[in-house]
Amino acid sequence: MSFRFPESFLWGGAIAANQVEGSHLSDGKGLSTSDVCPNGAFNEIVERQDGDFNIKDIAIDFYHRYPQDIALFAEMGFSCLRLSIAWSRIFPNGDDEQPNQAGLAYYDKIFDELAKYNITPLVTLSHYEMPYHLAKNYQGWASREVIGFFERYAKTVFSRYGKKVKHWLTFNEINVTLHEPFTGSGLPRDCSEQTRYQAIHHQLVASAKAVKACHELIPDAQIGNMMLGALIYPFTCNPDDVQKAQAQNHDWLFFGDVQARGYYPSYMRRKFAELGVNLDISADDREALKETVDFISFSYYMTGCASADPNQQQQAQGNMLRMIVNPYLESSEWGWQIDPKGLRILLNMLWDRYQKPLFVVENGLGAKDVPNEKGEIEDDYRIDYLSAHIHQIGEAIQDGVDVMGYTSWGPIDLVSASTAQMSKRYGFIYVDRDDDGNGTLERKRKKSFYWYQNFIKSQKKD
Ligand code: BGP
């Protein structure tokens, strides 16, 4: 690639506490919503019993193996690691008066380890989990009270880590509450549209309050939002399809519009009226929402199409967004439609819309890696996927878009959020563990490890 990314561009990978740490009840941690979904974020909720199996109870044991894993990230040349704090390590029940000191001490060790290698932490406050107690006893974000609990949690971690962490995100893929109400938001899966949008409103207010607290407690920090970047194309140039695609894009851009502009976009008035949703928004809420994010972050895996034709039923498989298949694109083994150029289009679209710096905080290919006879993983498919996407980010920067960085999803194999499989692998680093929990947890560099290492090196000044 002849284009050279800006010197300040952050390169790295992204992980989430519940998908890597394990030790789900260690050192005072409480159960989280993720701990009661043994088959993945979108499957049944199972009350815990002694001796039951949840692959995330150990995950990849990052809780203990972080020094080795961070050393491997450093070896690849990472300048950034996106990770999340498990809210239930800090406030085991969510509504506790005092934080759990052992939980606070744990993340200090992580941030200190990153500092050794000059790796900038980018920290998500809530990545697809919340204390299970809040889901069980308050119906999660359906309750206005949870705003206060989240604010207390956010203030606690900002005060504690403010010297070590200068880049923050509020809620991972906040728009996913529309499709999966339990794991990230603690709502009953069969909740009404009214409950769902009221809960989303509470999350948006909580996000804005966290932004305010961050600005006050760590004035030299930056805090962003995080959306699942679900770009939708019209299936044909029929204006009916174009309008449908616009409406579906509004469904998720709405979150960014509130978080970046500080008020509800006007198109939501009609949407709420059509759905029969009547939100309880106080004057204080409106005031709180005015505190907007410093940058916009998003995940990017796939695109899809929208069609107004009811006979056009061909859906993309394996993803919760139920997008219509684009005949020009290929799909991953899980039916996620691969579209590197869509990333350039989306970056331009978000830049035009918000004029705030953008950060691609997830992107990657889930694949079944099979070791060759020498036990090595030759994952050229992953290298192809990632380099094509990175190339399009370079194109977007040349289009004039301000992009802060890129953290690929799952730089080390981890537990899949949607399926709870280990065999859906994203990593540059292989972890010896299968879907049933067998394996030594040994780490091994894949071919893509050396590719990413060389690529990052090529972007540094000679
Ligand atoms: C995003 C989530 C991540 C991650 C990724 C890949 O939606 O933020 O947590 O898991 O998707 O998805 P999966 O693990 O289902 O393949």
Using +1 at the Cβ of each Lys and Arg and -1 at the Cβ of each Asp and Glu in region 10-458, identify which of Trp334, Gly427, His202 lies farthest towards the dipole's positive end. His202
Around Ala199: net Lys/Arg minus Asp/Glu count, Cβ-Cβ under 14 Å: -3
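Past 27 Å, Cα to Cα, is the threshold; run Lys164/Lys356; Lys155/Lys461; Lys29/Lys136; Lys212/Lys457; Lys116/Lys457 against it and keep the listed order. List each step's numbers first, then the result.
On the way: Lys164/Lys356 24 Å; Lys155/Lys461 38 Å; Lys29/Lys136 17 Å; Lys212/Lys457 37 Å; Lys116/Lys457 19 Å.
Lys155/Lys461; Lys212/Lys457, as the Cα separations exceed 27 Å there.
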Could you give the distance between the Cα centres of region 186-221 and region 412-462, to the whole Å? 32 Å
How compact and how long is region 331-462, expressed as Rg and Dmax of its alpha-carbon atoms in Å? 16.2, 50
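In the chain, once you exclude exposed trypsin sites (Lys or Arg not before Pro) (DSSP loop, at most 13 other Cβ within 10 angstrom), what's the longest stretch remaining? It would help to have the intermediate numbers written out before the result.
Working: sites that count: Arg4, Lys163, Arg189, Lys290, Arg322, Lys368, Lys374, Lys460, Lys461.
Value returned for the longest uninterrupted segment is 5-162.
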Could you check what % of the DSSP bridge pairs in the chain are antiparallel, to the nearest 5? 20 percent
For region 10-458: relative contact order, % (alpha-carbon pairs under 8 angstrom, 6 or more apart): 17 percent
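For region 1-44, run through the GluC sites (Glu not before Pro) and keep only the ones in DSSP coil with at most 11 other Cβ atoms within 10 Å of their Cβ. Intermediate results must be reported in sequence, preceding the final value.
Values: sites: Glu7, Glu21, Glu44; in loops: Glu7, Glu21, Glu44.
Here the sparse-neighbourhood loop sites are Glu7, Glu44.
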Which lysines, on any chain, are close to Lys368 with Cα under 20 Å apart, when same-chain ones fewer than 8 places away are left out? Lys56, Lys424, Lys444, Lys446, Lys447
Taking amide H atoms as placed 1.01 Å from N in the peptide plane, list the residues 5 or more away in sequence, or in a different chain, whose amide H sits under 5 Å from that of Leu10. Gly405, Tyr406
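Going by average Cβ density within 10 Å per residue, which order do the peptides 198-205, 390-397 take, highest to lowest? Could the numbers behind the result be given before it?
Values: 198-205: 22.6, 390-397: 19.6.
The most tightly packed comes first, giving 198-205, 390-397.
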Rounded to the nearest 20 Debye, what is the dipole magnitude of region 1-159 about its Cα centre when Lys and Arg each give +1 and Asp and Glu each give -1 at the C-beta? 440 debye
In terms of the charge dipole of the chain, which places +1 on Lys and Arg and -1 on Asp and Glu at the beta carbon, the residue among Val325, Tyr233, Gly30 farthest towards the positive end is Tyr233
With +1 on the Cβ of every Lys and Arg and -1 on the Cβ of every Asp and Glu, and nothing else charged, how large is the dipole of region 58-118 about its Cα centre, in debye rounded to the nearest 20? 200 debye
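Mind running the shape call on region 14-132? Use the C-alpha gyration tensor, a ≥ b ≥ c as the square roots of the eigenvalues: rounded below 1.5 for a/c, prolate if a/b tops b/c, oblate otherwise.
Note, shape of region 14-132 comes out prolate.
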Hz values of 3J(HN,Hα) by residue in region 394-406 - Karplus curve (6.51, -1.76, 1.60), Gly and Pro given as x: x, 4, 4, 4, 5, 6, x, 7, 8, 10, 7, x, 9
Once phi is turned into ³J(HN,Hα) by the Karplus curve 6.51 cos²θ - 1.76 cosθ + 1.60 with θ = phi - 60°, what whole-Hz value does each residue of region 307-315 show in order, with x for glycine and proline? 9, 8, 7, x, 7, 7, 9, 5, 9
Measuring from its Cα centre, the chain shows a charge dipole (+1 at each Lys and Arg Cβ, -1 at each Asp and Glu Cβ) which, in debye to the nearest 20, is 1040 debye
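Please give me the summed charge of the neighbours of Glu330: other residues whose Cβ is under 14 Å from its Cβ, Lys and Arg +1, Asp and Glu -1. Could you put the intermediate results ahead of the total?
Details: positive: Lys341; negative: Glu333, Asp339, Asp384.
Neighbour charge sum, excluding Glu330 itself: -2.
Assuming a viscosity of 0.890 mPa s and a temperature of 25 °C, what translational diffusion coefficient in µm² per second does Stokes-Einstein assign to the chain, Rh being the Kirkwood radius over Cα pairs? Don't skip to the end; give the middle numbers.
Values: Rh = 22.3 Å.
Estimated via Stokes-Einstein, D reaches 110 µm²/s.
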Local net charge near Pro188, Cβ-Cβ under 15 Å (Lys/Arg +1, Asp/Glu -1): -2
Diffing region 425-436: the Karplus 3J(HN,Hα) column from phi (6.51, -1.76, 1.60, θ = phi - 60°), in whole Hz with x for Gly and Pro, holds 9, 10, x, 7, 10, 7, 10, 6, 7, 9, 5, 8
For region 10-458, with +1 on Lys and Arg beta carbons and -1 on Asp and Glu, the positive-most of Gln313, Asn278, Val211 along the dipole: Val211
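Every number here is computed from the coordinates shown, using simple stated rules; none is lab data. Bear in mind that the values here come from a model prediction, so they are computed numbers and not experimental data. Cβ sites come from the backbone with ideal geometry, for glycine too, and all protein chains shown count toward neighbours.
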